[in-house]
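**Student:** Can you keep this structure in mind? I'll have questions shortly.
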Amino acid sequence: MVNADEVVASGPEKLPLEGAGGAGAGARSAEGAGTRSAAGSEGPAEKRGRLLSGLLAVNILFLGSALVLSSIFNRASVPGSNVLLLLMALSALAVGWMAFHRLAAPLVSHRDLHAGAIWLRGAVLLFGVCTILLDAFKVGYYLQYKGGAHIVKVVYHIVEAIFISTQTFLLWFHSRDCLHVHRDATRCGLMVTLATNLVVWMTAVTDDSVHRELEIEQQAMLNGSSSQLRGYIVNKHKPSSQSPTPAFHYDQECNENISDFQCQGELCTIFQRGIVIMYPFSIEYCLISSTMLYIMWTNVGRTINHHGSHTSHRFRGYGLVLGPLLGAAAIVIGLFILILYQIEVSRDPTQPTPFIQFYSFHIVLLSVMSLCSLAALAVHRWEEREVDCRENPSRSLDVVLLQVAALGQLCISYFSIVAIVSTRSGRSMDLVNLVYSLLIIIEHVLQNLFIIEGLHRQSAPEELCLSFVGQNDTDGPPDGSSDLNSRKRSPPVPQSTNTLNWKRKFLKEISMFMIMSNLVLWVMPAFGAQPQFENGLEKRFYGFSVWFAILNFGLPLGVFYRMHSAGNLLEIYLSA
């Protein structure tokens, strides 16, 4: 008698290697029955192609990083227009390759059903539209200036809008392609496009960090408080034994950036507000697109056995109450705290009240999320579902990104803990900051364990039974005499597909709450609630330059971590 466990355990069929002429050439089984065609003399060619494209991406990233950092730390020698010219050249190359890939699309004979999930493509489409709107707002904003000082920025954002439109089309329709022709050109094109996204992301993040710090310092000046950056700008030509080399050259650039925020005219104000609203979506678009492009790169030359089973899940509520209710409460309270924080900090960034409110909300939410992750891990240990250890490039990348993105907030938290403990500050704001930093570490570790455990769980037994019965009904012989044998082979069908056992329902409740909690924790820093810039303790302890570099590394990764976690939790919810 065949049961659901045997359906799970049965490996996919093996296919002969593409291009191999001898008998006995086989392919190793993989998730969705994916195999890589690399036999005999083709193996070294495959490795050379992957190495060449990888080195191309690394060199582009190093060049882009050097230009971006040079334009920030030494604007007098390296103007920001150099970075934009590089990005325009890379965008043009990427658009040319994507047009070439579109022409080669009819030659695609294999598609990876595990790549390009609908929620991922939907996020790319939504964020892509927001990024195009951001480019439109920036074009309108820079056209408000008189003269040709910003003509390069206007042209760049037009080129970027074309690049984003073409890339969104590619990822929506071709994210599952496994090309077997023009492999080297395809790999290099994918890596150029991926590197372009990362340099765009790096440029946007550093520009936003500089502008945010300048806004804070300007507000501090208006409120009569002192700041290290202000003192540095006044005394930057005076040598210091502790700081022989200036950290930033920002006389003229500081005034230019500060004047950017003093917009005059109703139309200019609309453009500026649109830029502020759409900016976080642009940041996420670059990172999500990069992950999808990397999966496409790993799928080049991959052979997919379409006879392998692939379970498609539909989003159903299953009568959930507690998880959505608590998640909705977290979102409402979080948005309320965000609005209060923005209003009070804009008035006076030195008062402790908005910081205490911010940290207190996070302490409560992170504590509940940590307990939920622990409970979900315990339920996973009691489940009947086996751990799925088969090869799956999409899942492997999800796990790696989850752990790498968590490093951002972990880094900031550990630096904050050291600064608070070393200074022995007795302020209530610093004490809640200490508790908040400790809970960030605990919550990240527990949530990562829960997500990784959930991603490696196989589909629920009920769903596998239904899919297997459907195959018997379709493939079984029409002869009425075999009906008894078919019934003997078929596993028992559950009475109702909408009925869940308590363990599955509990996991769905927790997953829904965690999804909504991660979304609100993404919204708050993405739209300006970043007390690490304003509270001042770490900046005084480590110095402006060091703390600025730490935040530039940690905060963007932390924002991406929350969005990526929400997507992974959605997959766990659907498969629970």
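**Student:** If I compute solvent accessible area with a 1.4 Å probe over the protein chains, what percent of it on region 137-186 is carbon and sulfur?
**Tutor:** Of all accessible area on region 137-186, carbon and sulfur atoms account for 68 percent.
**Student:** So between Arg424 and Arg347, what do we pick up on full extension, going 0.36 nm a residue minus the alpha carbon distance?
**Tutor:** 24.9 nm
**Student:** With a Förster radius of 30 Å, plug the Cβ-Cβ distance of Asp184 and Ile158 into 1/(1 + (r/R0)^6) and report the FRET value to the nearest 0.05.
**Tutor:** E between Asp184 and Ile158, to the nearest 0.05, is 0.45.
**Student:** Mind grabbing the accessible area of Trp502 for me, 1.4 Å probe, Å², rounded to tens?
**Tutor:** It works out to around 150 Å².
**Student:** Over what distance in Å are the Cα centres of region 43-83 and region 120-169 separated?
**Tutor:** Centre-to-centre distance over Cα atoms comes out at 22 Å.
**Student:** Distance between the C-alpha centers of region 266-285 and region 535-576? Whole Å please.
**Tutor:** Between the Cα centre of region 266-285 and that of region 535-576, the gap is 21 Å.
**Student:** Heavy-atom accessible area of Cys372 with all protein chains present, probe 1.4 Å, nearest 10 Å²?
**Tutor:** Cys372 has an accessible surface of roughly 30 Å² with all protein chains in place.
**Student:** If you don't mind, there's one more thing I want to ask. Report D for region 514-571 in µm² per second (integer): Stokes-Einstein, Kirkwood Rh on Cα pairs, 25 °C, 0.890 mPa s.
**Tutor:** Estimated diffusion coefficient is 199 µm²/s.
**Student:** Could I ask something else about it? Take Ala549 and Gln403, extend 7 Å from each Cα along the Cα→Cβ direction, and tell me the distance between the two endpoints in nm.
**Tutor:** Between Ala549 and Gln403, the label points sit 2.6 nm apart.
**Student:** Report the FRET efficiency, 1/(1 + (r/R0)^6), for Cys268 and Ile441, where r is their Cβ-Cβ distance and R0 is 51 Å, rounded to 0.05.
**Tutor:** Once the sixth-power term is evaluated, E becomes 0.75.
**Student:** Check which residues have an amide H placed less than 5 Å from Arg75's amide H, if you skip close sequence neighbours.
**Tutor:** Correct list: His249.
**Student:** Please list, in order, the residues from region 160-189 whose amide nitrogen is less than 18 Å from a point placed 7 Å along the Cα→Cβ vector of Arg48.
**Tutor:** 181-189
**Student:** Starting from the 7 Å offset along Cα-to-Cβ, what nm value, one decimal, do you get for the label separation of Val368 and Phe173?
**Tutor:** 4.4
**Student:** Once phi is turned into ³J(HN,Hα) by the Karplus curve 6.51 cos²θ - 1.76 cosθ + 1.60 with θ = phi - 60°, what whole-Hz value does each residue of region 69-86 show in order, with x for glycine and proline?
**Tutor:** Once rounded to whole Hz, the list reads 5, 5, 5, 8, 8, 8, 5, 5, 8, 10, x, x, 5, 5, 5, 5, 5, 4.
The values are calculated or read from the model by the stated rules, or taken from the named source; none is laboratory data. Worth saying up front: this structure is predicted, and the values here are computed from it rather than measured. Cβ: placed from backbone, ideal geometry, glycine included. Neighbour counts: every protein chain shown. With ligands, DNA and RNA removed, areas are computed over all heavy atoms of the protein, side chains included. Shrake-Rupley method; radii C 1.70, N 1.55, O 1.52, S 1.80 Å.
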